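Worksheet for the structure shown next.
The values are calculated or read from the model by the stated rules, or taken from the named source; none is laboratory data. All of these numbers come straight from a predicted model, not from anything done at the bench. A quick note on method: Cβ atoms are made from the backbone with ideal geometry, for glycine too, and the neighbour counts reach across all protein chains shown.
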Ligand SMILES: Nc1ncnc2c1ncn2[C@@H]1O[C@H](COP(=O)(O)OP(=O)(O)O)[C@@H](O)[C@H]1O
Ligand SMILES: [Mg+2]
C-alpha cells in the first residue's frame, strides 16, 4: 500500500498565493457495511483567485463530500487540500437560526469573526444591501420567502470575508424564477467582490450559466471525468443559445457517466 500525505492546510490570506484552493490527489473513503467505500478518487483541482468554478455531477457522486473537505469539516483519506484562508460555506438549506432576525443571523457570523460589537449592525446592514435585502434587518426567518432566506444565508457567508465561497446546491430548492434571479445576483456579487467561488450542482444549465469552468465528476467513485472552459460573456441567461448548446454537450457526457455506473 502506498502512503500519501494527508494534510488540510489553511494558508494565510496572502497576495502572492496563486490559488484560492488547491486539491492535490484527494481521495476519500468511508467505512461502510461492505468495508471501505471509496467516494472520491484522486481528485486534483486548482481554483484561481477570483475564479468561478462549478463542480457538476450526479446525485451521490461525492460533491458534498468534496466541498466539506475543502471547508475543512472533514479530512481527506489521501492527498492534500490547501486554501487561501478559511473558506465560507453556503448550503442548500439556509441553516439560519429561526429565533434570530435576518440581521442578527448575520451579526452572529460577524461576532464569530471577531468584529467588535459597535460595528456589527452597520456591517450587517451593508451586507443585506449587497444581496438587495435592504430593510430586512428586523425580519424573522419565517417571514422571509425561500429566495430571501438564501439571500440572507449568502450575506452571512459573505460576512466571513473569505477569499473563497463554497456553495453546495444553494438554489436547488427554489422555484425556477427565483433561481434565475439569484443566478443574476451571485454573478453580480462575484463580479463586484472578486471572490473565488466553488459551486456544486447537479443542474447542467446552472453550471454553464454561472461558471468560467465546469468540472464534471464521475460517480462511484467520484473522479474528474472532464472539464470545460465556458467562454460565454457574463451576464448570461440560462436560456441563451450558447448556454443551452454547451449544456447539451455536457448532459450527453453526464448521461454517459450515469450509464457507465448504473446510477440514475
Ligand atoms: N459521513 C459519511 N459516512 C459514510 N458515507 C458517506 C458519508 N458522507 C457521504 N457518504 C457517502 O458518500 C457518497 C457521496 O455522497 P455526497 O458527497 O453527499 O454526494 P453528492 O453531494 O454528490 O450527492 C454517498 O454514497 C454517501 O452515502
Ligand atoms: Mg450533495
All strands (runs of 3 or more DSSP E) inside the stretch 162-221 with 1 or more residues being within 14 Å of ligand 2 (Cβ to nearest atom) and within 21 Å of residue 253 (Cα to Cα):
196-201, 213-217
Of 70, 53, 47, 43, which residue is away from ligand 1 (no atom under 16 Å from the Cβ), surrounded by 22 or more Cβ atoms within 10 Å (Cβ to Cβ) and assigned by TED's automatic domain parsing to the domain that holds residue 198?
47
Quick check: anything in the stretch 109-116 over 23 Å from residue 186 (Cβ atoms) and surrounded by 21 or more Cβ atoms within 10 Å (Cβ to Cβ)?
no
Of all residues in the stretch 71-118, which are part of a strand (DSSP E or B) and within 21 Å of the chain's Cα centre (by Cα)?
79, 80, 81, 82, 83, 84, 88, 89, 90
Conditions: (1) surrounded by fewer than 21 Cβ atoms within 10 Å (Cβ to Cβ); (2) within 18 Å of residue 23 (Cβ to Cβ); (3) touching a helix residue (DSSP H, G or I) at 6+ places or on another chain (Cβ under 9 Å). Residue 224 meets all but one. Number of the miss?
(3)
Could you tell me which residue of the stretch 26-35 is farthest from the chain's Cα centre (by Cα), considering only residues that are within 13 Å of residue 78 (Cβ to Cβ) and within 10 Å of ligand 1 (Cβ to nearest atom)?
29
Just wondering, is there one or more residues in the stretch 117-137 that are farther than 12 Å from residue 153 by Cα, in contact with a strand residue (DSSP E or B) (Cβ under 8 Å, 6 or more places away or on another chain) and in contact (Cβ under 8 Å) with a residue 12 or more places away in the chain?
yes
With 186, 177, 195 as the choices, which residue is surrounded by fewer than 19 Cβ atoms within 10 Å (Cβ to Cβ) and more than 16 Å from ligand 1 (Cβ to nearest atom)?
177
